[in-house]
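The values are calculated or read from the model by the stated rules, or taken from the named source; none is laboratory data. In this text the structure is predicted, and so the values were computed from the model without any measurement. Cβ placement follows ideal geometry from the backbone for every residue including glycine, while neighbour counts extend to all protein chains displayed. Quick note on the areas: whole protein, heavy atoms, side chains included, nothing else; ligands and nucleic acids left out. Shrake-Rupley method; radii C 1.70, N 1.55, O 1.52, S 1.80 Å.
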Amino acid sequence: MRKPIIAGNWKMFKTRDEALQFVYNVNKKVPSKDLVDSVVCVQSPVLRDLVKRQGDNLRIGAQNMHYLDSGAYTGEVSAPLLDNIGVSYVVLGHSERRAYYNETDEAVNKKIHQAFRYGLTPILCVGESLEVREAGETNEYVKSQVVKALKGLGKSQIIELVLAYEPIWAIGTGKTATSEMANETIKAIRDVVANLYNSETAEAMRIQYGGSVKPANIKELLSMSDIDGALVGGASLDADSFLELVNAAVK
């Protein structure tokens with residue numbers, strides 16, 4: 001059985017003091033990592049502070065990184081640095097990075113390879129716009145993202161990678177794909193992976209849903225056959241809310 005994973009994406013929220021207080025509040029209350037992977041992905045300046053204070057069952061992730069080891073790339077963060085300070089996960093290809101910073105599928109693929117080179121677990125984000133959904137082109141659009149992002153990866157890497165399906169029209173809008181809609185697209189993604197690799201690899205790969213996930217809908221989403229967790233924005237900022245989410249994932 002695939003172990004569920006709940007990852008909070010804090011985006012550009014929380015000061016250092018607020019981030020530390022959150023970790024102090026949840027550290028001893030998150031379920032065992034044997035039952036669920038509990039992750040918060042935070043702004044770069046507080047990564048080391050939180051890694052130093054994470055307990056046995058909480059892990060810290062970055063929200064982005066460059067695909068090169070070093071260089072004249074002002075404002076970027078390198079995988080060697082993330083590895084050096086003990087970061088466990090990194091979100092790659094989030095729709096906001098794609099939209100606001102012109103991140104391409106090819107760049108995302110390079111970043112995934114770089115993450116694996118340094119022992120980081122990538123959380124790969126894919127998802128369609130409302131226009132694509134209404135045109136009935138969701139599966140083809142997401143398939144293209146998945147195929148390009150996974151290019152050159154081995155089966156063992158696919159199993160380790162976490163994929164997050166986040167329909168762009170449901171991020172931060174209060175709109176949520178129905179659990180059936182989310183599961184249908186995630187199952188289609190799993191079929192893409194099966195065709196690229198094999199059914200065993202596809203069945204072992206963990207796929208999250210993201211898009212206005214909150215305590216009120218997490219249980220229904222996780223009851224679906226192919227949804228293995230959630231990438232959560234606003235509802236992960238509050239300690240009690242985050243704890244509700246990770247506890248709901250314990251099966």
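Below are the figures for this structure:
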read-out	value
Candidate set from the range 199-214 (those that are open to solvent by 40 Å² or more (accessible area, probe 1.4 Å) and over 17 Å from the mean Cα position of the chain (by Cα)); member that is farthest from N27 (Cα to Cα)	S199
Count - residues of the range 1-31 that are among the acidic types (D, E) and either in a loop (DSSP other than H, G, I, E, B) or touching a helix residue (DSSP H, G or I) at 6+ places or on another chain (Cβ under 7 Å) (or both)	0
Qualifying residue in the range 216-223 (condition: in contact with a Pro (Cβ under 9 Å, 6 or more places away or on another chain) and in contact (Cβ under 8 Å) with a residue 60 or more places away in the chain)	yes
Matching option when the condition is within 24 Å of P4 (Cα to Cα) and either at pLDDT 95 or above or buried (at least 24 other Cβ atoms within 10 Å of the Cβ) (or both), among L50, L81, L68	L50
Meets criteria (crowded, with 21+ Cβ neighbours inside 10 Å and at pLDDT below 95) for A170	yes
The range 80-97: number of residues that are out of contact with any strand residue (DSSP E or B) (no Cβ under 7 Å at 6 or more places or on another chain) and farther than 15 Å from Y67 by Cα	4
Residue count, the range 111-155 (criterion: open to solvent by less than 50 Å² (accessible area, probe 1.4 Å), closer than 22 Å to N198 by Cβ and either of a type in the set (S, T, Y) or not in a helix (DSSP H, G or I) (or both))	8
All positions within the range 77-107 that are free of Cβ contacts under 8 Å to residues at least 24 places away in the same chain, farther than 26 Å from G211 by Cα and not in a helix (DSSP H, G or I)	S78
Given (1) of a type in the set (A, V, I, L, M); (2) in contact (Cβ under 8 Å) with a residue 24 or more places away in the chain; (3) over 25 Å from K155 (Cβ atoms), index of the condition A72 fails	(2)
Any hit, the range 231-239, residues being crowded, with 22+ Cβ neighbours inside 10 Å and among the hydroxyl-bearing types (S, T, Y)	yes
The range 232-250 residues that are part of a loop (DSSP other than H, G, I, E, B), paired with ones that are at pLDDT below 95 (beta carbon under 7 Å, 6 or more apart)	G233/I171; G233/G172
